[in-house]
1. In whole Å, what are the extents of segment A:1-94 along the principal axes defined by its C-alpha atoms, from largest to smallest?
2. Give me the distance in nm between label points sitting 7 Å out from Cα along the Cα-to-Cβ direction at A:LYS429 and B:THR342, one decimal.
3. Does anyone have the angle between helix A:2-24 and the longest principal axis of chain A? Alpha-carbon axes, 0 to 90°, nearest 10?
4. Cβ neighbours within 10 Å, averaged per peptide: list A:390-398, B:313-321, A:452-460 in order, most packed at the top.
5. Kirkwood hydrodynamic radius of segment B:128-197 from all distinct Cα pairs, in Å?
6. The protein assembly as shown: D in µm²/s via Stokes-Einstein (Kirkwood Rh, Cα pairs, 37 °C, 0.692 mPa s)?
7. Compute the Cα gyration tensor for segment B:414-485, then decide on rounded, prolate or oblate, letting a ≥ b ≥ c be the square roots of its eigenvalues: rounded whenever a/c is under 1.5, prolate when a/b is larger than b/c in the other cases, and oblate in all that remain.
8. Could you tell me whether segment B:166-245 comes out rounded, prolate or oblate from its Cα gyration tensor? Rule is a ≥ b ≥ c as square roots of the eigenvalues, rounded for a/c under 1.5, then prolate if a/b exceeds b/c, otherwise oblate.
Amino acid sequence: MGSVLLLGLLLISLEADVLYEAQNQNLFLHTPLFFEQQMMKAGGFLTWMGSYLTQYFFYPALGVSILCLLWGFLIWLIHKAFPNTWLPFALLPIGCFLVTIVDMGYWVYYLKLPGHSFDTTLGAIAAIGLVAIYRCLPQRLAYTLPFTLIAVIIGYPIFGFYALWGTLLIGLLAATKKQWTVTVVAAIGVVSVPLLAYHLLYHETNMVYIYWASLPMYSHNGKQYANYYLPYIALVVCTVGWCFISHPLSNRKWVLFGRCGAIFLLIIGIIIGWNRNDNFHRELSMSHNMERQQWEDMLTTAQHVKGEPTRAICLMKNIALLRLGRDRKEMLTFPEGSKRPDAPFSIRMVHTIGKQVYLQYGIPNYCYRWCMEDGVEYGWTVERLKLMTLCSLLNGEPTAARRFTALLKKTTFHKDWAKQYEACTHNPKLVLGDEALSPILPYLRDDNFLTSDQSQLELFLFEHLLGTPNNNRQQEELAQRTMFYYRSNHQKLVEP
Amino acid sequence: MKQRSAIYFLIVFGWLTVVLPILTGCSPAKLPQQYEQSNMQPRIYPDYIDVTIPVNIAPLCLELLNEASDAITRYSFGNSEIICEGLKARPDIDEWKALTSQAKGQSIQVEIFAKNNGKWVRFKPFNIYVSKDSIDPWLSYRLISPSYVSYEELTINQRCLENFDEACIVDNMLCSTEAGGQCVNCHSYQQNNPQRMQFHARQANGGTFIAYDGQLEKIDMRHDSLLSSGVYPAWHPTQKLIAYSTNRTMQAFHTADPNKIEVLDSESDLILYDIDHHEVRTIEQQPNELEIFPTWSPDGQSLYFCSAHYEYKADSTDLEEITMRAKELKYNIYRKSFDPDTKTFGERELVFCADTMNMSATLPRISPDGRWLLFTMGEWGCFHIWHHDADLWMMDLNTKEACAANELNSDDTESYHSWSSNGRWVVFSSRRYDGVFTRPFIAHIDSNGHGSKPFELPMADPDRHRQLMKSYNVPELMSGSVDLRPQKVASILKGNGVAVSYQSQYSTKEN
């Protein structure tokens, strides 16, 4: 448990921003419809639970505490399911879970699996739990065979891939005890239950994915990123290996060697997998500050960039300077750059901080548009619903705003925010005094242009603000700040 | 020990899930004996006040929006009544059927009592008029999020209007992968017949799916001579022919306009597809005309469509130019005669001139008796679901008089509509509640073309539509249910499509 607590402390101290963003890019609604929609796919109950628990990253320490409790419970389950396993090796799955969270990086915006941060842990608990229950049963066919069938038939709709994994482990354990009937039934169940579910139960999962239900898809623009699956492969290999450990080691030298090896593997795996990209963490920190109008904190973060910053950092820094009424020349005192985001796939700012930037620049239609596009493709999230509420208020669409606040009122931690802005829908004058909205009001324009940003946030902003008339002084300022960098670095502003 | 624990668990579980609900559910709701009378009507969702419903519709469940800790709703006609307790009134289906049967041709009275601070208030009662006219029992629609470019899960669903049963007919996710998604759209039926349906699938495993009396086929309608595969469909009422538009469609986004997006065609034509011979022929392909939205007259002897006159200033199609001039796109309604025996068309005739009104008319649909033409009007363009000003208009084809169907319209978008097989009901798309999500509304149309107040598609949970983040698209009434499973449809779509042959045009071009 000490190791688990240590890992938890590391998470809170190093990844609080990522965890907060994970809950921002998550949505859990206390409604029957939300539950029903999750259950439309195999593993839906798992993702429903995962979405529910991800909410608690609103207070990162609280969410991490829950995670550590689950990890502790899992270690106990591992001991029950695989009694001959050395305790240090039980930490290897914990390391895998940790890596799936800390190596996420920009996937936090793109992963289409609800509740990802908790899903692997919960799924492993389900899989190992099935094995633990199997171990507790009298080892007679009258008990083990029906249980194996129930595990896969009922488990697959609820836990997806993890039920198949658990059933596979049961089959392997049975094989080590020469209970071939159970092994064969387990194998048949693992292969056939998803097929039956495809034909009889579900219509939202392509045939090619039925065995991987409730696993994340690390795929972007049609390309797979296989190395992100390594923790999952390691999990399965680990547990499969444990099935074949028939007795605990008694040789003290081997025990010591094993413990050191396990801890070494754990540390190496975490170090390799842990995404400590400075720019990514600064972007997250600055976007959270922007959400709360903490402009000074944004400048502090931008000031201490290590190396070349990304355009996202520069854009947010410029907005903070403007909001604080700082002179344009102060921009020169900050690091400037256009470093590509640290991700193996191309990142467009419209999918990350771009929506907030559009809002701050007084183009709520484009903020709304990208919230809608990303909400449809990547899932509805707290952040998108909040931004759509603010955009609707700025556009004078109170009924639309109420639509979104009604949903946010069904969350755990965002009810108060929803009530605050619902009041604005009944009394538009409140917008004038709102801390988040009133600074944007001077940037709103009456003139309209029918155009498209082609997913190029900064280029579009620059061309729109400088290429159209009727900008106010502040918008000119904003455009000039971008133009300063644009003059000599045009090509770098084109996002791939 | 373990066995005893299991038995105790089963007992407690059984009590909680079976016995307790039965005990608590047995107590019938009673009307409060003492209450204060209010002159105000209740605020309810959906708005079912003074609507007209078909006799065979599912229960109109509603939710009280006024501040209240509890509520009782009474639906009554004569000596029959249904009393529902709670802020959500959900009448039992069998009791509802009995009540509407009795109230046929007359009206059900609805009284709502609300409790606040221990005191009851009775709101001013309202009526629900029960028409003698029944409605086709099934409704088909696409469920799609109101996004602009991206899409993820799209389904074509069917819903029984006589109860709350809903099922999926087509699910794009069965054919979509992370490498390539599939869009499904434009489902339509021949004469409300669920055995004769078609829809399009685009991108991954794309093609046109046609089901005709049990025969399923995927058609590859792409051809070098065509702008695109068929888009907006119109089944001939009696023959195995489908008219389509072919379109080159683009989108542009408003920086400040509340409409947010404009969907435009840079080019569009009309074609006719012969199902038996897999042949496509051009119907209309005029160089300075954008033809779209074909629809047949009920006798199959006329093809109505919309067309906008547009001349490019550039030498060829210029997307930037047409975007800048989007507000000049004004569609009128035309028709061409059609000889079903020779399969030839006549010249186009103007039916409704919207551009002289500085408006644009789209989506013409004719009532089964051939008298009424229902269409959508907006300020410009052809994709009126994104226009907050879009309204339904009705034209009497006998007198040629047209006017806004004000009984059906709201302050927000009204668009896609279709007729019931008996011509007494229309279902149409409306964004009247929040301007964002489209919901289907049903309205009665009498023999004089007058509409009654429409009502929103009833749901078992009246709050469901306020939670659902998807729009109902292309609502179409059907005389029965489609007997297709999504997995079967997907297996057809994953196969190769039958290639079409392109034949000569039906009508000559005008220079």
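1. 44, 31, 15
2. 7.4
3. Roughly 40 degrees, rounded to the nearest 10.
4. Result, highest mean Cβ count within 10 Å first: A:390-398, A:452-460, B:313-321.
5. About 14.2 Å for segment B:128-197.
6. It diffuses with D of about 104 µm²/s by this estimate.
7. oblate
8. Here segment B:166-245 falls in the oblate category.
Only the coordinates and a few stated rules stand behind these numbers; no lab work does. What you see is a predicted model, and the numbers here were worked out from it, not measured in a lab. All Cβ positions, glycine included, derive from the backbone under ideal geometry; neighbour counts span all protein chains shown.
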